[in-house]
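Here's the structure we're looking at; comments come further down.
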Amino acid sequence: MAKEALDAWRAKLRKIYGIYTGVFVLFVVSLWILESMGLDPKFIGYAFLFGTIGVYAAIGIISRTSIVAEYYVAGRKVPAVFNGMATAADWMSAASFIGMAGALYNLGYDGLAYIMGWTGGYVLLAVLIAPYIRKFGQYTIPDFLEARYGGKLPRFIGIIAAIITSFTYLTAQVTGVGIITSRFIGVPFELGVFLGLAGILVCSFLGGMRAVTWTQVAQYIILIVAYMIPVVAISYKQTGVPIPQIMYGQALQTIEQKQRQLTNDPKEIEVRNIWKNKADDLNQKIKGLPDSWSKGKAEIEEKIKNLPVNDLKRAEAEKALKSYPKTPEEAKEKWKKDMQSAQAMSKPPKSYVQPPADSKGIINFLALTFCLMVGTAGLPHVLMRFYTTPTVREARSSAAWALFFIFLLYFTAPAYAAFARSEVLTNLVGQAFSSLPAWAAKWAGVGLINIKDLNGDGIIQFSEISINPDAVVLATPEIAGLPYVVAGLIAAGGLAAALSTADGLLITIANAISHDLYYKIINPNLSPSARVKIGKALLLVVAVIGAYVASFKLAIIVELVAWAFSLAAATFFPAVVLGIWDKRMNKAGAVTGMIVGLAVTLYYMIGSRFYGVDWFGIKTIASGIFGIPANIIVAFIVSRLTKAPDSEIQSFVDNIRYPKGAVGAGKEE
Amino acid sequence: MVEKETLERYWGETKKNMLTILFIWAIVSYGAALIASSLNSIVIFGFPMGYYMGAQGSITIFVLLNLYNSVYQNKLDIKYGVAEEE
């Protein structure tokens, strides 16, 4: 596009999204007024849910297209700032929006691995990859692998890795959508999943990347507004200054001081000993498997036999039998988990701000941070966004904008966590069970907060509270005493975060199959309109499969998402970076590197998770720490032992290194 | 076409920029994490500095690094005459 046209286009976009933001604020304010006039909170939930999905649907319909370049890369005319917002929404999932503050609450310093890991990757992306990918200028990452290394094999490995990493991630997002919709409008989880599915499809089906991009910008605006309001209010309530990012230092001091007091509190020690006994009991039971399993089962069955039919205790025992592990293996897994959490509760609270004291803890912290950083820079759905800017120059500044927009949320998350923790330590611990604060009673009712009077003294001890990570962001509006409309806003924000990520992933998977596999490998004679049609059909199929898998609500999904980072880090990242920065890298090196990286990472993941493999005490979640160097070293050695890439490839590499002109091998369509 | 020699010098400077940025990137994240417990003895405005670096300090520097990279590389393009024609 010419410069004048581009400037006019930018001005138009600013105007559209400016008006959009104004209308959204008006919408929230008028719901707030209606609430104070007595509108049922149920309708506020409906208004947020259907209102926002309606807007996404409208954008999706306006952005419909059947042109290849529009469908795959939004016509390459997304200005840097807007691509930054879209990338930020694409990147920040329900886990960032709802889960991260809670993880910080529970983990203290250890949780900071997520803050640094999920932002630091954007430095790698901006410096090592984004501008060069844009200069190359096709549609997908497998496109790059084929053009750079030659042949279908690199592309094929890229397709497999893209599908594995994106699909687990997609399932988790659809689950997130299901949970949010079911919680806020009170439909069953399965129905929530399919409502969410409709929400996902309206954003992408008609317009592909173009529609996804413009809805993601709209979703970013909603999620960032929603994230800021409760935390500003709680900062004002606790410190008198509405700037949470600066004021939570005071909360940190309160936390440290209160936790020190709790360490030697006799009542706390009493509760910790109860936890310790529980852990010991479970340990005995695990040692006594499989006999302990059948004995436990027989005991419950015996109890049911001896109780009269209508006894309340009988119903209780029947429930216990229903949730009793079905096999000794299942019992081992469950009891081990229970034992670990009981063990954790039996220890005095560790400092919230101190890094891990042992070297194993430090090594794991650094390894996890590294895997998350490299994984972020290797995830195909994020890389793909950098094809959509008008120029190389804009791809660079777009990477900077993306990090800035992500930073706004991540810079604030530690404040959420600290304010919530200081609130719990000040206003929950030491209270009588009979006078729970309203917010605690509400979220305890739905099981997100667990408080049990273990020592029977009627007073809440810190060791008697366990908090689900999701509860921190969800409960903050009530802690701060905000009206229900803010809770609805949080739901809309969480939904926006989950939908935007789900859409980015969905289109990545659909393109990997329709563009990379079908068009580029199986049937290259496809007409442009047929390509777009097949892409759309696959969107539908993949979305339905994703929702189907999500409806089982498998516990392993959350774990698998963390694995996706290590997998992306150990396959894509080295192949793409070496392809740009090492001219001598060739097909043999890249392919063996990717295969070895993938194999080593998978071996350690599965081995450490299920079969007790342990290298240097590294946890499963940081498996990539072995796969990344394995990939790079193998690629380097193999490439030096085999023939250098031919002069055509060498000049292709030269060509993508500077912005001017077009890339020889990468023609525009 | 861009001259081979121009490109080599351009790429040399780009590489140097990349290494500088990644050096700072590593120091403020991994370096700061390694000495976090001693940094924590410094408390500013209620924030123990070790915790602060992990929670806000490092990521603020990340944003500045990306901004610097974008400005620096765009200037470098013009200096070597390899910027895009508009």
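The values are calculated or read from the model by the stated rules, or taken from the named source; none is laboratory data. Just so it is clear, the model here is predicted, and its values are computed rather than measured. Because the Cβ atoms are built from the backbone with ideal geometry, glycine has one as well, and the counts that use them run over all protein chains shown.
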Of all residues in segment A:96-124 being of a type in the set (A, V, I, L, M) and more than 9 Å from chain B (Cβ to nearest Cβ), the one that is surrounded by the fewest Cβ atoms within 10 Å (Cβ to Cβ): A:L107
Single unsatisfied condition, B:I59 versus (1) under 24 Å from A:A103 (Cα atoms); (2) touching a residue at least 12 places away in the same chain (Cβ under 8 Å): (2)
Top-ranked residue in segment A:219-263 [being outside any helix (DSSP H, G or I) and under 29 Å from the mean Cα position of the chain (by Cα); ranked as farthest from the other protein chains (Cβ to nearest Cβ)]: A:P242
Any chance A:Y56 is in contact with a Cys (Cβ under 7 Å, 6 or more places away or on another chain) and hydroxyl-bearing (S, T, Y): yes
Residue selected from segment B:40-86 under the condition in a helix (DSSP H, G or I), over 18 Å from the mean Cα position of the chain (by Cα) and more than 9 Å from every other protein chain (Cβ to nearest Cβ), by the criterion nearest to A:W401 (Cα to Cα): B:I78
Selection within segment A:276-311 - farther than 16 Å from A:A331 by Cα and in a loop (DSSP other than H, G, I, E, B): A:L307, A:P308, A:V309, A:N310, A:D311
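Residue-wise test of (1) part of a helix (DSSP H, G or I); (2) touching a Phe, Trp or Tyr at 6+ places or on another chain (Cβ under 7 Å); (3) farther than 22 Å from A:A377 by Cβ.
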position	(1), (2), (3)
A:V541	yes, no, yes
A:Y548	yes, no, yes
A:A564	yes, yes, no
A:A569	yes, no, no
A:A575	yes, no, no
The lone exception for A:K332 - which of (1) under 30 Å from the mean Cα position of the chain (by Cα); (2) surrounded by 16 or more Cβ atoms within 10 Å (Cβ to Cβ); (3) closer than 25 Å to A:Q461 by Cα it fails: (3)
Members of segment A:61-93 found to be surrounded by fewer than 24 Cβ atoms within 10 Å (Cβ to Cβ) and assigned to a helix (DSSP H, G or I), listed by number: A:I61, A:I62, A:V68, A:A69, A:E70, A:G75, A:R76, A:A80, A:V81
Failed item, numbered, when A:R314 is tested on (1) basic (K, R); (2) in contact (Cβ under 8 Å) with a residue 24 or more places away in the chain; (3) in contact with a helix residue (DSSP H, G or I) (Cβ under 8 Å, 6 or more places away or on another chain): (2)
In segment A:595-623, the residues that are crowded, with 17+ Cβ neighbours inside 10 Å, in contact with a helix residue (DSSP H, G or I) (Cβ under 6 Å, 6 or more places away or on another chain) and not in a loop (DSSP other than H, G, I, E, B): A:V596, A:G597, A:L598, A:V600, A:T601, A:Y604, A:M605, A:S608, A:T620, A:I621, A:A622
Segment A:560-594 - residue that is in contact (Cβ under 8 Å) with a residue 60 or more places away in the chain and farther than 30 Å from B:T14 by Cβ and, of those, surrounded by the most Cβ atoms within 10 Å (Cβ to Cβ): A:W563
Helices (runs of 4 or more DSSP H) contained entirely in segment A:328-419, each with at least 1 residues that are more than 11 Å from chain B (Cβ to nearest Cβ): A:328-345, A:359-376, A:380-383
Odd one out for B:I24 among (1) of a type in the set (A, V, I, L, M); (2) more than 7 Å from chain A (Cβ to nearest Cβ); (3) crowded, with 21+ Cβ neighbours inside 10 Å; (4) in contact (Cβ under 8 Å) with a residue 40 or more places away in the chain: (3)
Check on A:A172, crowded, with 24+ Cβ neighbours inside 10 Å, within 14 Å of chain B (Cβ to nearest Cβ) and in contact with a helix residue (DSSP H, G or I) (Cβ under 8 Å, 6 or more places away or on another chain): no
Answer from A:S639, A:S651 - the residue that is more than 22 Å from A:V127 (Cβ to Cβ) and surrounded by 19 or more Cβ atoms within 10 Å (Cβ to Cβ): A:S639
Answer from B:L39, B:L65 - the residue that is under 30 Å from A:K3 (Cβ atoms), crowded, with 19+ Cβ neighbours inside 10 Å and not charged (D, E, K, R): B:L65
Members of segment A:425-478 found to be assigned to a helix (DSSP H, G or I) and among the charged types (D, E, K, R), listed by number: A:K442, A:E464, A:D470, A:E478
In segment A:550-562, the residues that are assigned to a helix (DSSP H, G or I) and among the hydrophobic types (A, V, I, L, M, F, W, C): A:A550, A:I556, A:I557, A:V558, A:L560, A:V561, A:A562
Among the residues listed as A:M100, A:M85, A:M37, A:M92, the single one being touching a helix residue (DSSP H, G or I) at 6+ places or on another chain (Cβ under 7 Å) and over 19 Å from A:I490 (Cβ atoms): A:M85
Output for segment A:1-16, where each listed residue is surrounded by 14 or more Cβ atoms within 10 Å (Cβ to Cβ) and not in a helix (DSSP H, G or I): A:M1
Boolean, A:G22 is within 14 Å of another protein chain (Cβ to nearest Cβ), in a helix (DSSP H, G or I) and at pLDDT 90 or above: no
Qualifying residue in segment A:522-534 (condition: without any contact (Cβ under 8 Å) to a residue 12 or more places away in the chain, touching a helix residue (DSSP H, G or I) at 6+ places or on another chain (Cβ under 8 Å) and not aliphatic (A, V, I, L, M)): no
Test: residue in segment A:479-493 that is in a helix (DSSP H, G or I), aromatic (F, W, Y), on the phi < 0 side of the Ramachandran plot and in contact (Cβ under 8 Å) with a residue 60 or more places away in the chain: yes
